[in-house]
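One structure is given here, and the rest of the page talks about it.
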Amino acid sequence: MRQNENMESVLQHPITTTIIWLIAIYATVLGLKLFINNKGDSRGLGFGLLIAVVGWAGIEVGWEYVPSVDIGNPDKISTLSIPVLRTVQELGMLMAAVSFTLVVLSNLFITLKGSDLIRLQKALLRFGLWVLGLSIIYQGHFAGQYSIKTVVIGIGGALVFVVGLGLQRTLTNLFSGFDLQADRVFQKGDMVQIGVGGLEGMVWDTSLRSTRIYTLDGQMLIVANGELLSKEVLNLDHPTRALRVRRNVGISYTTPPMRAKDVMLQVLRQDSAVLNSPAPVVFLTSYGDSSINYELRFWVADRRVLDENVDSVLSRVWYALRESDIEIPFPLRTIRMVDMKTDAQHISAGEEHVLRIEQIVAKCPLFDESHMNSSERRELARDAQEVELKAGEFAVRQGEESDHLYLIVRGSVRVLRKGKEPIEVHAPHGFGEMALLLNQPRSADVMAGDSGAALLRFSKSSVLPVLKRRPEFAKELRQISDERRLASGLQNEMQRKLSFPERVAGLIQRIAASLKPW
């Protein structure tokens with residue numbers, strides 16, 4: 001008794017009363033901020049704080065109302081007294097506590113794992129926290145007045161029958177969602193394939209009823225969990241992301257099989273996109289009407305880069321076969337009248353042109369033997385476009401979208417940025433590496449010098465395979481890019497990876513910032 005009197009005297013002390021009112025004002029301002037400016041659990045946190053403050057303020061000014069409700073049982077009549085404002089206050093505090101817990105857990109998962117909790121996990125956690133909180137409120141107010149065992153048994157049994165009958169399909173999807181989570185078939189961000197050879201996409205989200213898959217064509221596929229569980233689902237990311245690729249190539253009968261396989265194997269072994277283990281192989285699979293058919297089997301690191309890697313491999317196979325005078329025959333019977341002499345002259349002229357471009361490219365330090373070999377320079381030379389600029393004519397303009405790399409063959413260019421000194425670049429050097437590496441708009445104007453300039457323009461699709469195969473070439477290109485960014489005053493756009501303590505510190509800072517009432 002004396003302890004309760006001491007507690008009441010402490011709470012009625014002017015300093016304590018002032019602190020409590022300041023906390024209430026803080027909770028009100030913070031609740032309004034969260035409710036107005038946010039969505040989801042953050043808004044729920046704000047709404048819960050507002051409800052709790054309203055209930056507490058009503059009690060403080062003496063507005064508490066305690067109605068009595070008579071509840072009839074088979075053996076007696078029970079009277080239930082309900083303190084309305086105190087119950088409202090506690091429900092608000094419970095809503096705020098549940099929402100705050102979910103916000104913290106969501107941010108924790110994003111910081112540590114890179115992905116948020118899925119909807120099913122949030123729903124189950126929210127339901128469990130609400131049941132726990134309501135049980136505590138019931139034990140504090142009503143356990144001594146009325147037993148709910150009879151109500152739970154009677155009403156619960158009826159609800160199970162009605163809900164089970166009316167929501168059969170929904171419950172099937174719900175329990176299928178449980179099965180998907182329990183078996184860990186996939187998680188958010190995984191690449192999956194619905195059925196062997198079927199639709200592919202990334203798991204976008206999983207709810208209580210359905211799973212949303214973001215397909216490779218940019219469409220959102222919504223599949224009911226019950227239907228999804230009845231299909232064959234291939235998880236392309238587990239147990240490993242590596243996938244085996246099989247592609248067919250037809251070679252002329254005039255080429256010995258061992259020579260054809262050797263040329264294609266050399267390409268597979270030199271391409272950095274192809275994994276060394278398991279080792280790539282080439283098999284002769286059949287004799288066709290117009291070609292001997294081979295199958296290339298190799299492994300790539302991830303489905304997300306499969307198309308790019310296959311394109312790189314097949315493109316290099318084409319170049320390698322052509323350079324080795326190995327024909328890929330047409331599967332058509334076509335009669336074509338050809339002047340062999342003229343045709344040979346055209347081919348010879350084309351090869352001479354490529355050889356001339358290759359010799360020009362080799363003079364640039366960026367493309368010398370320390371960064372790439374002759375065959376790779378020849379690949380670039382075949383795709384290069386020649387550009388002639390007059391004095392003062394622009395090659396690129398600041399802000400435009402472009403990912404070409406340029407090599408100065410003759411003359412010079414000026415790199416111009418507003419408020420900065422021009423940078424002069426002479427032959428045989430290049431420019432354009434920033435836009436190519438960073439996938440950003442052009443950061444400066446580039447115009448021809450006083451004597452004009454002759455340029456070679458390389459597309460990203462032709463440079464990218466060399467960047468992947470040649471780390472030393474990529475390193476040199478990044479170094480040039482960093483030096484020019486520093487010289488031009490541009491900030492480095494490449495963000496370093498944060499350490500674990502830095503990520504945790506950032507999480508604490510974000511949560512603390514969100515709890516500021518301004």
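Listed values, structure above:
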quantity: Near-label residues of segment 26-50 by backbone N, under 19 Å of a point 7 Å along Cα→Cβ of Thr17; calculated: 26
quantity: Residues Trp63, Trp130 arranged by fewest to most Cβ contacts within 10 Å; calculated: Trp63, Trp130
quantity: Cβ-based exposure ranking for Tyr294, Tyr253, in which fewest neighbours within 10 Å come first; calculated: Tyr253, Tyr294
quantity: Global form of segment 243-395, assessed from the alpha-carbon gyration tensor, a/c cut-off 1.5; calculated: oblate
quantity: Cα-based equivalent ellipsoid, segment 357-488: semi-axes from gyration tensor eigenvalues, Å; calculated: 22, 17, 13
quantity: Under-5 Å amide H pairs with Asp271, H placed in peptide plane, nonlocal only; calculated: none
quantity: Gain in span if fully extended, Val61 to Gln187, counting 0.36 nm per residue against the direct Cα distance; calculated: 40.2 nm
quantity: Sorted by Cβ neighbour density within 10 Å, fewest at the top, the residues Thr18, Thr211; calculated: Thr18, Thr211
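Readers should treat all values here as calculations from the given coordinates under stated rules, not as data from a laboratory. What you see is a predicted model; the values in this text were computed from it and never measured. Cβ coordinates were reconstructed from backbone atoms using ideal geometry, including for glycine residues, and neighbour counts include every protein chain displayed.
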